[in-house]
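Quick notes on the structure that follows.
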Amino acid sequence: MTTSMPTNPVDPQDAPTTTTATTEVPTTFIAYIGKLSEGAWPGPLTSSELPHQRFEENLEDYFVKSNPESKTRCIDGRHDPDLDEQHLGPQAPAGAPGSALAYRLGIDEDDLTRGTFKEDAETMIETYMRLGINPGGHRDAGDHQDGQTVGCGALDGLQEVLNAMTNPGLVEDHKRLVKLILGDAFVRDDYLKILGAAMVLQSRSVNYFAARGEILDLLEKKAPGSVSILEGDHREGVVIVNLVEGTTLASNRFADDHEGVQAFGYDFWRSEQLAHKIFPLPRQSKDRRHITHARVMLTVATLMALTDGSLPIFIRCPLP
């Protein structure tokens, strides 16, 4: 019995190819939370005319990998002419100096009657450098002749931040947003403890913050090139809290693509990372928890001092 071969065999190279479509599995989720508040906050910035859906469109595209060697950035959304999207550091209010106040409230709460913010900031800058973290801060292009302001809203308005944090009329809003960001890590007793520390520090805030205008000069001296100069007016119209480790918002490009409307970007993951770097030992878990709570509490209070509460807020988180 013989088997006949096809008269016109097909060359394998000429055979039609089939392509299997692959769908990229998302690894992050962005949630629209609504407005910051239904109440009135003391800050001047108000929501833009752009609907929140406009910000939701392709929001994921504006997140890039954070460069661990790049300087820490503030949450300020204004234009940084020297910003390199391939080398972006993470964002937190007032950059590295802002961590100093969180340390004072969360860790040194028993020593609130002594010391100054300048001394605390110097210690924190040195801690960053000792741990191999690039500190950062910023000025703006304005003329600040009073010696007390530098053009960083989070740094210049530290007394207003404490006022907002301890304002009885704002405390429910404040706690709600802190719990939203911290999630299951929120501890009520820690929150109340840090709130009490803020009230004590507020009683001597004039003296404590007296030399804050010198801090960026100090930062530049200890870490040359770490202070940016931002340009333009404040036009922040949205808040984006980022929980995805190792990523950050490309703030210049975001504003360019949204009619000049800027974003307050806060990389919460950096607050957790910094807490573990400063307090790496297993027995230091309480200190890690306290400084993280304090950083988040100060971030929310900063938004209260800078905005009227009408801005939409988004939270970007990793999918399990």
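The values are calculated or read from the model by the stated rules, or taken from the named source; none is laboratory data. On a predicted model such as this, the values are computed, not experimentally measured, just so you know. Here the Cβ positions follow ideal geometry from the backbone for every residue, glycine too, while neighbour counts run over all protein chains shown. The area values use the complete protein model at the heavy-atom level, side chains included, leaving out ligands, DNA and RNA. Shrake-Rupley method; radii C 1.70, N 1.55, O 1.52, S 1.80 Å.
A few notes on this one:
- When the range 180-199 is filtered for residues that are crowded, with 16+ Cβ neighbours inside 10 Å and either touching an Asp or Glu at 6+ places or on another chain (Cβ under 8 Å) or free of Cβ contacts under 8 Å to residues at least 60 places away in the same chain (or both), the ones remaining, listed by number, are Lys193, Ile194, Ala197.
- Unique match (being out of contact with any Lys or Arg (no Cβ under 9 Å at 6 or more places or on another chain), of a type outside the set (Asp, Glu) and either more than 28 Å from His174 (Cα to Cα) or surrounded by 17 or more Cβ atoms within 10 Å (Cβ to Cβ) (or both)) among Arg114, Arg104: Arg104
- Elements of type strands (runs of 3 or more DSSP E) contained in the range 168-267, each with 3 or more residues being at pLDDT 95 or above: 236-242, 247-249, 262-267
- Qualifying residue in the range 294-309 (condition: open to solvent by 10 Å² or more (accessible area, probe 1.4 Å), of a type in the set (Gly, Ala, Ser) and free of Cβ contacts under 8 Å to residues at least 12 places away in the same chain): no
- Any chance His79 is open to solvent by 20 Å² or more (accessible area, probe 1.4 Å) and in contact with a strand residue (DSSP E or B) (Cβ under 6 Å, 6 or more places away or on another chain): yes
- Per the listing Ala141, Ala121, Ala96, Ala92, the residue uniquely open to solvent by 50 Å² or more (accessible area, probe 1.4 Å), farther than 15 Å from Ala197 by Cα and of a type in the set (A, V, I, L, M) is Ala141.
- Matching entry among Glu69, Glu126, Glu122, Glu60 (being assigned to a loop (DSSP other than H, G, I, E, B) and under 21 Å from the mean Cα position of the chain (by Cα)): Glu69
- Residues that are over 10 Å from Ala250 (Cα atoms) and buried (at least 19 other Cβ atoms within 10 Å of the Cβ), drawn from the range 60-76: Lys71, Thr72, Arg73, Cys74, Ile75, Asp76
- Residue satisfying all of: in the range 23-51; farther than 16 Å from Gly265 by Cβ and outside any loop (DSSP other than H, G, I, E, B); least open to solvent (accessible area, probe 1.4 Å) among these: Gly34
- Some residue of the range 200-215 being small (Gly, Ala, Ser), in contact (Cβ under 8 Å) with a residue 12 or more places away in the chain, within 26 Å of Arg288 (Cα to Cα) and surrounded by fewer than 21 Cβ atoms within 10 Å (Cβ to Cβ): yes
- Selected residue [of a type in the set (Lys, Arg) and within 20 Å of Arg73 (Cα to Cα)] from Arg283, Arg289, Arg316: Arg316
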